Amino acid sequence: MRDVVRSRSVPQITVSTADYQRLTDLATASLERLPEVAEELLSEMDRARVVDPAELPDGVVRMGSTVTFRSGEGQERTLTLVYPAEESIDAQRLSVMTPVGAALIGLSEGQSISWTARDGREHRLTVTKVR
């Protein structure tokens, strides 16, 4: 178990065994280069309910999902959650190794979570659609 202090309540998340293994490996390999995001992603994986890929319910954010979410300020964005090598803001592909990417993985439609940006500001988002 990692020593991550959470000052916020967090929703239950669900990830597939395949995403769990690959994301855990990615975060572990990134601990020296991106420690804050790597620790956050590892913390998310620690608390996730891990299921066989065939058992992952529809409407859950997984790798490759296109997710629409609303910020606490009411702005809506649609992005595809990808691995770092596939990231492209121009193509609206967001890396899971960003604070918001790590916050999105495993959430279901209708769930909300708070996350901390790299500048230390706290944000909140709500997932409205997953495809």
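For the stretch 45-77, which positions are in contact (Cβ under 8 Å) with a residue 24 or more places away in the chain, under 18 Å from Thr126 (Cα atoms) and in a strand (DSSP E or B)?
Passing the criteria: Val60, Thr66, Val67, Thr68, Phe69, Arg70, Ser71, Glu76.
So, in the stretch 65-86, of the ones that are among the small types (Gly, Ala, Ser) and out of contact with any strand residue (DSSP E or B) (no Cβ under 7 Å at 6 or more places or on another chain), which residue ends up nearest to Glu109 (Cα to Cα)?
Gly74
Applying the selection to the stretch 78-109, what residues are part of a loop (DSSP other than H, G, I, E, B) and touching a residue at least 40 places away in the same chain (Cβ under 8 Å)?
Tyr83, Val96, Met97, Thr98, Ile105, Gly106, Leu107, Glu109
Among the residues of the stretch 57-70, write down those that are closer than 15 Å to Gln21 by Cα and either open to solvent by less than 50 Å² (accessible area, probe 1.4 Å) or aromatic (Phe, Trp, Tyr) (or both).
Met63 - this is the single residue of the stretch 57-70 that is closer than 15 Å to Gln21 by Cα and either open to solvent by less than 50 Å² (accessible area, probe 1.4 Å) or aromatic (Phe, Trp, Tyr) (or both).
Regarding the stretch 36-44, can at least one residue be identified that is among the aliphatic types (A, V, I, L, M) and touching a strand residue (DSSP E or B) at 6+ places or on another chain (Cβ under 7 Å)?
Among the residues of the stretch 36-44, not one is among the aliphatic types (A, V, I, L, M) and touching a strand residue (DSSP E or B) at 6+ places or on another chain (Cβ under 7 Å), which makes the answer no.
Being of a type outside the set (Ser, Thr, Tyr) and crowded, with 18+ Cβ neighbours inside 10 Å narrows it down to one residue among Ile89, Ile113; which is it?
When all the criteria are applied, what remains is Ile113.
When the residues of the stretch 92-110 are filtered to those that are open to solvent by 30 Å² or more (accessible area, probe 1.4 Å) and out of contact with any helix residue (DSSP H, G or I) (no Cβ under 9 Å at 6 or more places or on another chain), which remaining residue is nearest to Arg47 (Cα to Cα)?
Only one residue fits best here, namely Ser108.
Could you run through the stretch 120-131 and say how many residues are open to solvent by less than 100 Å² (accessible area, probe 1.4 Å) and not in a strand (DSSP E or B)?
Adding up the residues that qualify gives 1.
Is it true that Glu32 is modelled with pLDDT of 95 or more and either part of a loop (DSSP other than H, G, I, E, B) or not charged (D, E, K, R) (or both)?
When the stated conditions are applied, Glu32 passes them.
Within the group Val82, Val61, Val127, Val37, which residue is touching a Lys or Arg at 6+ places or on another chain (Cβ under 6 Å) and not hydroxyl-bearing (Ser, Thr, Tyr)?
Val82
What single numbered condition from (1) of a type in the set (A, V, I, L, M); (2) over 15 Å from the mean Cα position of the chain (by Cα); (3) closer than 21 Å to Leu31 by Cα fails to hold for Ile89?
(3)
Inspect all residues belonging to the stretch 3-19 and state whether any of them is part of a helix (DSSP H, G or I) and out of contact with any Lys or Arg (no Cβ under 6 Å at 6 or more places or on another chain).
Yes, the conditions are met somewhere in the stretch 3-19.
The values are calculated or read from the model by the stated rules, or taken from the named source; none is laboratory data. What you see is a predicted model, and the numbers here were worked out from it, not measured in a lab. Don't worry about glycine lacking a Cβ; one is built from the backbone with ideal geometry, like all the others, and counts go over all protein chains shown. With ligands, DNA and RNA removed, areas are computed over all heavy atoms of the protein, side chains included. Shrake-Rupley method; radii C 1.70, N 1.55, O 1.52, S 1.80 Å.
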